[in-house]
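Have a look at the structure below, then the notes.
The values are calculated or read from the model by the stated rules, or taken from the named source; none is laboratory data. Predicted, not measured: the structure shown is a model, and the values here were computed from it. Here the Cβ is made from the backbone with ideal geometry for all residues, glycine too, and neighbour counts use every protein chain on show. For the accessible areas, the whole protein counts, side chains as well, though only heavy atoms, and no ligand, DNA or RNA atoms are used. Shrake-Rupley method; radii C 1.70, N 1.55, O 1.52, S 1.80 Å.
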Amino acid sequence: MPTAQNTRARVSELHGIREQAEAGPSAGATEAQHAKGKLTARERIALLLDDGSFNEVEPLRRHRATGFGLENKKPYTDGVITGWGTVFGRPVFLYAHDFRIFGGALGEAHAQKIHKIMDMALAAGAPLVSLNDGAGARIQEGVTALAGYGGIFVRNTRASGVIPQISVMLGPCAGGAAYSPALTDFVFMVRDTSQMFITGPDVVQAVTGEKVSQNGLGGADVHAEASGVAHFAHDDEETCLEDVRYLLSLLPANNRELPPTTAADDPADRRCEALLDLVPSDGSRAYDMREVLAEVVDDGEYMEVHERWAPNVIVALARLDGQVVGIVANQPQTSAGVLDIHASEKAARFVQMCDAFNIPLLTFLDVPGFLPGVDQEHGGIIRHGAKLLYAYCNATVPRVQLILRKAYGGAYIVMDSRSVGTDLSYAWPTNEIAVMGAEGAANVIFRRRIAEADDPEEMRQRMVKEYKAELMHPYYAAERGLVDDVIDPAATREVLIRSLRMLRTKHAELPQRKHGNQPQ
C-alpha cells in the first residue's frame, strides 16, 4: 500500500507534468507564435468554447518514433490538442494543431489523437471543429504520417451529413492536408496568416514558371473569391472564432435533431411595408436582395455563406419566428441574378447541407435564366446546373418558394419550382413566370409577322404587349396551380412563417438505395 506521502508526491508530480503540457515547449516558442500574429492553440480553444468547459483528451500523449533526432524530442500532446467542451451550453468536439510543436506537423501519435476525437464526436452526435495550423505530414515519420491523413479523410467522409464539421484555417495547410477541410461542411480562413494549397509557390514556379506568393496562391481572399474553397474570410482570429460560435448556434448537433430554436422578439405578423419600395416593378432595374432578406427575417439578422464567391446568388442562414431557415436567393444587383456554373455549385452545396441537417429551405426567386456563352457551355453549365436541380429534387426538408419578379426558363424550374417538389410556391403581383422574356418570345413566335409589317418595330412592340397580356400576367401561373397564391409583398414575413409552422411536421422518404449518383 502506498503511503499518503508517496501519493501526495505522485499527485504533485502529475500536476507538474500537466503544467508542462499546458505551457507548451517554451516561452520563446509562444512569443514566436504571437510575433506571427497568431494565437496559441490553447488561446484559440479558450475563445471558441464557453469558459471553463474544455475537457482535454490524451494531453500526455507522446510519439514513439525514432531517427532524425526524434527520440530525443518527445513533447507532451505531440503537437495537437484534442477534447470537448460547450458552445452556448451545447457539446462540441475539437482538435487544434499546436504550431509550436513540430510546426503542428502530423505524425502517427498526432493522427491517432485526431482519429479518436473524431470517433468520439460521431458516437456522441456532436459537431466537430478543427483549428488548423500545421505544416503537413511529419517528414521524419515517413509513410506512417501519410497513413494518418487517410484515417482523417475516411472519418470526414463517414461523418458527412451526420454531424456538422467546421474547419478553421489559422495557419498553413499544404499538400494532402488540405483535403480534410475540403471534405467538411464549412471552411473559415484568416487573412495573411492562413493559406491552403496542394503545391506551394516554389513547386508552382519550378513546374510552370509562375511566380506567386503564398497568399497569392492560397490565401483567404483567393479562396473566398476565386476558388470558393473558403466559406468565410476574416481579418483576425478573434472575430473568426466568434463567427464559428455563431454558426454553431444555428446548426443542430447532428442529423437526427432539429436546429436549436430561440424565443423571437420580432412579431410573426410584422408587415414589411418597405418591400413595396425596395423591389422595382420594372424587371430591368437592379436592387439588393440582401435588403429584402433583412426586411423579412428575425431582427434583420442573417449569416451569409460564401458571400464573395459567385455573388449572383445568395445563400444564408437566418431565423424566422425563432426557427432556423436556409435561404437561397438570386441577387439582381450582380449579373442580374443570372445562374452560372459557380452560382449553381454554390447553391447546390448549400441546399444539400440544409437538407442533411433538417434546416427548412426558402428560395427567393428573381432570375432571368442561365448565363449564355461559349465559356459556360464548354465549362459544363449543363452538369453544374444539374447539381442544383438534383439537390432540390433530393431534399426532403420543408421547402417554400417565393417569386418576386422574373422567373424565366430552366432557371425557374431549377430554383425549387412546384414541378420539382417545393411544398408551397408564392408570388408577388410583380412576378413574370415564362419560358423566356417577352421581347425574346415575341421575336421567335411572331418573327414572320414582324418581318412582313410596314413598321416592324411598331409591330414587334405590339406583339410583346400581346405576349405579356396572354402568357405573362401575374396570375397566369396561379390560375394553373403552379403558384399556390399571389401575395401582398408586405405580408411576406407572415405568410412564410405560417407556411413553415404548418410544414414543421413534414415527413418525406426517398426510395431505398445505397446512394444517388449526383451530377459531377
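Observations on the model:
- Some residue of segment 241-261 being open to solvent by 50 Å² or more (accessible area, probe 1.4 Å), farther than 30 Å from T505 by Cα and either part of a loop (DSSP other than H, G, I, E, B) or among the β-branched types (V, I, T) (or both): no
- Filtering V338, V324 for residues that are open to solvent by less than 20 Å² (accessible area, probe 1.4 Å) and closer than 21 Å to A226 by Cβ leaves a single hit, V338.
- Filter result (open to solvent by 20 Å² or more (accessible area, probe 1.4 Å) and either closer than 22 Å to L94 by Cα or not β-branched (V, I, T) (or both)) within segment 186-199: R191, D192, T193, F197
For (1) outside any helix (DSSP H, G or I); (2) of a type in the set (V, I, T); (3) exposed (fewer than 13 other Cβ atoms within 10 Å of the Cβ), each residue gets a yes or a no:
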{"position": "D454", "(1), (2), (3)": "yes, no, yes"}
{"position": "R460", "(1), (2), (3)": "no, no, no"}
{"position": "V464", "(1), (2), (3)": "no, yes, no"}
{"position": "A490", "(1), (2), (3)": "no, no, no"}
{"position": "R493", "(1), (2), (3)": "no, no, no"}
{"position": "R498", "(1), (2), (3)": "no, no, no"}
{"position": "K506", "(1), (2), (3)": "yes, no, no"}
{"position": "G516", "(1), (2), (3)": "yes, no, yes"}
{"position": "P519", "(1), (2), (3)": "yes, no, no"}
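- Qualifying positions in segment 82-94 - within 29 Å of T262 (Cβ to Cβ) and assigned to a strand (DSSP E or B): G83, W84, G85, T86, V87, R90, P91, V92, F93, L94
- Per the listing A318, A310, the residue uniquely surrounded by 21 or more Cβ atoms within 10 Å (Cβ to Cβ), on the phi > 0 side of the Ramachandran plot and modelled with pLDDT of 95 or more is A310.
- Those residues of segment 116-129 which are surrounded by 24 or more Cβ atoms within 10 Å (Cβ to Cβ) and free of Cβ contacts under 8 Å to residues at least 60 places away in the same chain, in sequence order: M118, A121, L128
- Residue count, segment 130-146 (criterion: open to solvent by 30 Å² or more (accessible area, probe 1.4 Å) and outside any strand (DSSP E or B)): 7
- All positions within segment 70-89 that are open to solvent by less than 20 Å² (accessible area, probe 1.4 Å) and either acidic (D, E) or out of contact with any Pro (no Cβ under 7 Å at 6 or more places or on another chain) (or both): L70, D78, G79, V80, I81, T82, G83, G85, V87
- Take the conditions (1) open to solvent by 10 Å² or more (accessible area, probe 1.4 Å); (2) within 23 Å of L275 (Cβ to Cβ); V292 misses just one of them, which is (1).
- P25 vs. criteria in contact with a strand residue (DSSP E or B) (Cβ under 8 Å, 6 or more places away or on another chain), open to solvent by 20 Å² or more (accessible area, probe 1.4 Å) and not in a helix (DSSP H, G or I): no
- Any hit, segment 169-179, residues being touching a residue at least 60 places away in the same chain (Cβ under 8 Å), part of a loop (DSSP other than H, G, I, E, B) and under 28 Å from E304 (Cβ atoms): yes
- Here V154 passes the criteria (1) of a type outside the set (D, E, K, R); (2) open to solvent by 10 Å² or more (accessible area, probe 1.4 Å); (3) touching a Gly at 6+ places or on another chain (Cβ under 8 Å) except the one numbered (3).
- Subset of segment 52-69 [open to solvent by less than 50 Å² (accessible area, probe 1.4 Å) and among the small types (G, A, S)]: S53, A65, G67, G69
- Every residue from segment 365-385 that is in a helix (DSSP H, G or I) and in contact with a helix residue (DSSP H, G or I) (Cβ under 8 Å, 6 or more places away or on another chain): Q376, I381, H384, G385
- Within segment 238-258, residues that are under 22 Å from P360 (Cβ atoms) have Cβ atoms under 8 Å from residues that are open to solvent by less than 80 Å² (accessible area, probe 1.4 Å) and polar (S, T, N, Q) in these pairs: P252/N358; N255/N358; E257/N358; L258/N358, counting only partners at least 6 apart in sequence or on another chain.
- A96 vs. criteria at pLDDT 90 or above and either surrounded by fewer than 19 Cβ atoms within 10 Å (Cβ to Cβ) or in contact with an Asp or Glu (Cβ under 6 Å, 6 or more places away or on another chain) (or both): no
- I359 at negative phi, modelled with pLDDT of 95 or more, open to solvent by less than 30 Å² (accessible area, probe 1.4 Å) and outside any loop (DSSP other than H, G, I, E, B): no
- The residue that is farthest from V168 (Cα to Cα), among those in segment 215-237 that are in contact with a helix residue (DSSP H, G or I) (Cβ under 9 Å, 6 or more places away or on another chain), surrounded by 16 or more Cβ atoms within 10 Å (Cβ to Cβ) and without any contact (Cβ under 8 Å) to a residue 60 or more places away in the chain, is L217.
- Residues considered: T430, T422. Of these, the only one that is in contact (Cβ under 8 Å) with a residue 60 or more places away in the chain and either surrounded by fewer than 16 Cβ atoms within 10 Å (Cβ to Cβ) or outside any strand (DSSP E or B) (or both) is T430.
- Qualifying residue in segment 29-43 (condition: open to solvent by 70 Å² or more (accessible area, probe 1.4 Å), assigned to a helix (DSSP H, G or I) and touching a residue at least 24 places away in the same chain (Cβ under 8 Å)): no
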